[in-house]
1. Quick one: in segment 83-102, which of the residues that are buried (at least 17 other Cβ atoms within 10 Å of the Cβ) and among the hydroxyl-bearing types (Ser, Thr, Tyr) is farthest from Asn196 (Cα to Cα)?
2. Starting from residues that are surrounded by fewer than 19 Cβ atoms within 10 Å (Cβ to Cβ) and hydroxyl-bearing (Ser, Thr, Tyr), keep the ones in segment 43-56 and report whichever is farthest from Asp75 (Cα to Cα).
3. What number of residues within segment 220-234 satisfy the criterion of being within 26 Å of the chain's Cα centre (by Cα), among the hydrophobic types (A, V, I, L, M, F, W, C) and part of a strand (DSSP E or B)?
4. Regarding segment 134-149, can at least one residue be identified that is part of a strand (DSSP E or B) and without any contact (Cβ under 8 Å) to a residue 60 or more places away in the chain?
5. With Thr167, Thr130, Thr145, Thr185 as the choices, which residue is assigned by TED's automatic domain parsing to the domain that holds Phe50 and closer than 28 Å to Thr57 by Cβ?
6. Among residues belonging to segment 295-309 that are farther than 15 Å from Thr266 by Cα and crowded, with 19+ Cβ neighbours inside 10 Å, point out the one that is farthest from the chain's Cα centre (by Cα).
7. Only one of Thr157, Thr145, Thr185 is more than 25 Å from Asn26 (Cα to Cα), among the hydroxyl-bearing types (Ser, Thr, Tyr) and surrounded by 14 or more Cβ atoms within 10 Å (Cβ to Cβ); which?
8. Out of segment 45-61, which residues are over 12 Å from Leu86 (Cα atoms) and of a type in the set (A, V, I, L, M, F, W, C)?
Amino acid sequence: MGLTKVSPAIESSHGRKNAIINGDFNIWQRGTNIVVDISPTYTADRWVCFTPSPTLTGTVSKISDNPNGLTLQKDNGSSENSILVLSTIIESINMAHFAGESVTLSGELKVGADFSGVGNVITIEIRTGTVADEGAAGALAGSWTGYQLSIKQITTTNQNWTTFDFTTIIPSDALELAIIIKYTTSGTAGADDSINVRNIQLEKGTVATEFEYRSIGEELSLCQRYYYARSAGFVIRNSVINYYVQNYMNLPIIMRTTPTVSFIETVGGGVTVANVDVSPEIDYIRFSAQFTSISTTGRLSYTAITADAEL
């Protein structure tokens, strides 16, 4: 009997219902306190923060609770006012089965004791475009090709966790999708001018169902398709002068695209090196160098390695 390839739409209907990766905010490979910037800045894995104001100061931090969550906060004493934005962008291949369908976004939120949102409003949006994977900057600017927008505004001063849900129809020609959660600040911030979110879920249909928890290992693997951080490194050594030496670091999962790599490089032990090269692929990174002098303790070390294939 022959094999038939299953279309992404059919396959997804039998797989995980929640299209949002790290909707429970358990994975924070970049650290758990991130400064909001005028450039899209990733925080918890797959979640990006942004403000259009160069003088508004804000922070994203982890809520360590059961379950965990995320805080988006205007910094205490900051008097500049603009919008603070939190967003996650779903890769085109993972949202294709939503095109032309009803979807429901749901989650939990609360505000801080000093919440300054204009009119006490939190705005939740589902943004779409018609070209695959145009990226976070275009999503936040509303400049995606074929850009369309669905909005739900929530008026709240509730400092306790409350649920929300939002149903809309995704355009039939949509090839990209972003979730936006934002508020417009006012006045001078107090100690807890914040919005807090957890258990964010996007699923097909018109009814919000119970949040889908995935194991921490599965969630980490999903995140590492887009970003991988390794604090421990490795060492390249050589005992023959002018020889080229190379080493390979396998990535734990095939990444979305060839990643941008960063690292700390240290030459020690009385050696010198030349023609150092770092070449990433979607599943490994190759490090190579020529040792132009050698010693018994000589080494070329790489630490704090990151591979970034985010949208």
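The values are calculated or read from the model by the stated rules, or taken from the named source; none is laboratory data. Since this is a predicted model, take the numbers as computed values, not measurements. So basically every Cβ, Gly included, is an ideal-geometry build from the backbone, and we count neighbours across all protein chains shown.
1. Out of the qualifying residues, it is Ser92.
2. Going through the qualifying residues, I end up with Ser53.
3. 1
4. At the first step, the residues of segment 134-149 found to be part of a strand (DSSP E or B) are 148-149.
If we keep only those that are without any contact (Cβ under 8 Å) to a residue 60 or more places away in the chain as well, we get 148-149.
There is at least one residue in segment 134-149 that is part of a strand (DSSP E or B) and without any contact (Cβ under 8 Å) to a residue 60 or more places away in the chain.
5. Values: Thr167 fails: closer than 28 Å to Thr57 by Cβ; Thr130 fails: closer than 28 Å to Thr57 by Cβ; Thr145 fails: closer than 28 Å to Thr57 by Cβ.
Result: Thr185 is the single residue among Thr167, Thr130, Thr145, Thr185 that is assigned by TED's automatic domain parsing to the domain that holds Phe50 and closer than 28 Å to Thr57 by Cβ.
6. Ala307
7. Working: Thr157 fails: surrounded by 14 or more Cβ atoms within 10 Å (Cβ to Cβ); Thr145 fails: surrounded by 14 or more Cβ atoms within 10 Å (Cβ to Cβ).
Criteria check complete, one pass: Thr185.
8. The one that is over 12 Å from Leu86 (Cα atoms) and of a type in the set (A, V, I, L, M, F, W, C): Leu56.
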